[in-house]
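Working notes, structure below.
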C-alpha cells in the first residue's frame, strides 16, 4: 500500500520550498531603490547571514542545476572577485553601518576556483564591511577536484569552519554518465588536506536518481562516504529539467531510474545512513547525533533557506554575486543572473538587483508554516498564527488541499495541529504545498516530489 501511495505523489511537480513565495513569483517591482531601502532599515544589532555566489566551474557536469558557467582560465574568476569586492562596498554603503554577522556561506558553481589572493581580498572586504561574531559559521561548497594544500590552508586562515564536498556518487559508471570523473582517491585527498589545515566540519553531498544507479551502487556509495566520517550528509534527488538546463540533455534519459526506482534508491540510501548512526534531518539531510544540525532538529530550531536545511537563525540573508538572492522581513531581492549585466551595474555604482518579491503579512505567515512543516514534520497552526497576529482561519483554504494527502495517510490533522506521518515524510513537500497560494497561479515547472 505504501508503495502505491508514494508512486501516486512521487512524480507531482512541487517546489523544494527553500523560500516562500518561491523564485518563479519574483517580479521586477523590486529594484535597486527598493532593496536599498530594505538594507537601510535593517536592525542595527541583529546578526545577518551572508551568501556569496561564484558562478564558475572548470567544466559543467551533465546533471548540474546550478547557475554557473565554465571558466577554463583564472582571468574571468579574478575579474568576478573584483566585482564582489565592489558590490560589498555598495551594500555596506546602503546599510549605513557595520552589521554583525552570524553565518557566511559560499556557493556556486565552484567557489574554490577563486585564486587564493582573490579569495583573501573578498574575505578582507567582508570583514571590513561587517562585524564577524565569535563562533560564526563560515562554510564553503567545494569540488574535491579543486582542493589543494594551499587552498585548504587559505580557507582555514580566513576562518572557514565547514566545507561541503560535492561527491554525488562513487560509482565509475555513474560518474561517466553524469560527466563528473572523480575517483575516491581524489575525495580522500581533499578531506585529508582540509582536516590537516584545521577544517574539521565536513559535509558530503550525495545524489539519487542519477543514470545507471542501482540499489547496490548507491549502497556502496553511502558505505564509502561513511568511511570518511562526514558530520553531515545531504541526499539530493536529481532534478532532470532539460527544458531549463540544456546541458542535462547530455544525460541518456533511458538510463534514468523511473519513479519506482527513485523511491527505492532514496529508501536504500536512507536505510544505510541510519545503520551508520546518521539521524534524518528534514527532507534530505542527515547528521551525526553530536552535530549542531541534529541538535537543532531535536530542539525545534532547524531552519530552511536557499542553502537548504541550516542551523542559521538569522532573519536576514544578504546575497552577493550574480543570481544570488537576499532575504529580509521586507522581502526577497535577487541579483541579475547575467554576469556581464551584474558587473556593469556594480561598476556603475548600482545595486545589481533584477527582481524580487515584497512580502505581505499572509506571505510571512505561510512561509513560517511551510518552514515548520519542512523542518519539524509538524506544525501547530494556532501557535504560529498567533505569533503573526491572526488565527488559523487565515489559512483555512489549505484544509481543502490537505484532504487528499490526509486521506492517503501522509498527514494527520488534530484540530489545527498537523503531523506528517512516516509514510508522508519523503513526500513532505506535498503537505507543505497545501499552504502555497501561488502554486496554482503559475505554469512554472518544479522538480518531482521524490
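Derivation of every value follows stated rules applied to the coordinates shown; laboratory data play no part. Here the structure is a predicted model, which is why all the values come from computation and not from measurement. FYI the Cβ positions are ideal-geometry reconstructions off the backbone, even for glycines, and counts take in every protein chain you see.
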### Message
Against the 2.2 N^0.38 Å scaling, with N counting residues, where does segment 1-129 land? I'd like the Cα-based Rg ratio to two decimal places.
### Response
1.36
### Query
With labels modelled as points extended 7 Å from the Cα through the Cβ direction, what inter-label distance (nm, one decimal) is found for residue 150 paired with residue 407?
6.4 nm
#### Entry: Highest average packing first - 247-256, 353-362, Cβ atoms within 10 Å
353-362, 247-256
### DSSP-defined beta bridges in segment 199-312 - what % are antiparallel, rounded to 5
60 percent
### Query
Does a label point 7 Å from the Cα of residue 79, set along Cα-to-beta-carbon, have any residues of segment 319-352 with amide nitrogen under 16 Å, and which are they?
322, 338-348
### Summary
One checks the Cα atoms of segment 77-180 and finds Rg and Dmax, in Å, of 15.7, 53
### Query
For segment 278-321, treating each Cα as an identical point scatterer without solvent, what Debye log10 I(q)/I(0) comes out at q = 0.20, 0.25, 0.30 1/Å?
-0.61, -0.85, -1.10
### Message
Can you compute the FRET efficiency between residue 391 and residue 188 using 1/(1 + (r/R0)^6), with r the Cβ-Cβ distance and R0 = 35 Å? Round to the nearest 0.05.
### Response
0.05
### Task
Pull out the extension gain between residue 344 and residue 31, defined as 0.36 nm times the separation in residues minus the alpha carbon to alpha carbon distance; nm, one decimal.
111.1 nm
### Task
Throw me the Rg/Rh for segment 327-409, computed over C-alpha atoms with Kirkwood Rh, two decimals.
1.18
### Message
I want the antiparallel fraction of DSSP beta bridges within the chain, as a percent rounded to 5.
### Response
45 percent
#### Entry: Label-to-label distance, nm, for residues given as residue 246 and residue 425 (7 Å Cα→Cβ offset)
4.2 nm
### Task
Write down Rg/Rh for segment 310-363, rounded to two decimals, with Rg from the C-alpha atoms and Rh from the Kirkwood relation over Cα pairs.
1.05
### Summary
Output ordering of 293-301, 49-57 (per-residue mean of other Cβ within 10 Å, highest first) is 49-57, 293-301
#### Entry: Semi-axis lengths, Å, the chain, gyration tensor of Cα atoms, sqrt of 5 times eigenvalues
32, 29, 21
### Query
Starting at 0 and stepping by 10 Å, how many percent of the alpha carbon pairs of segment 8-50 end up in each bin?
19, 31, 31, 12, 6
### Query
Starting at 0 and stepping by 5 Å, how many percent of the alpha carbon pairs of segment 234-301 end up in each bin?
3, 14, 20, 17, 15, 12, 10, 8, 1
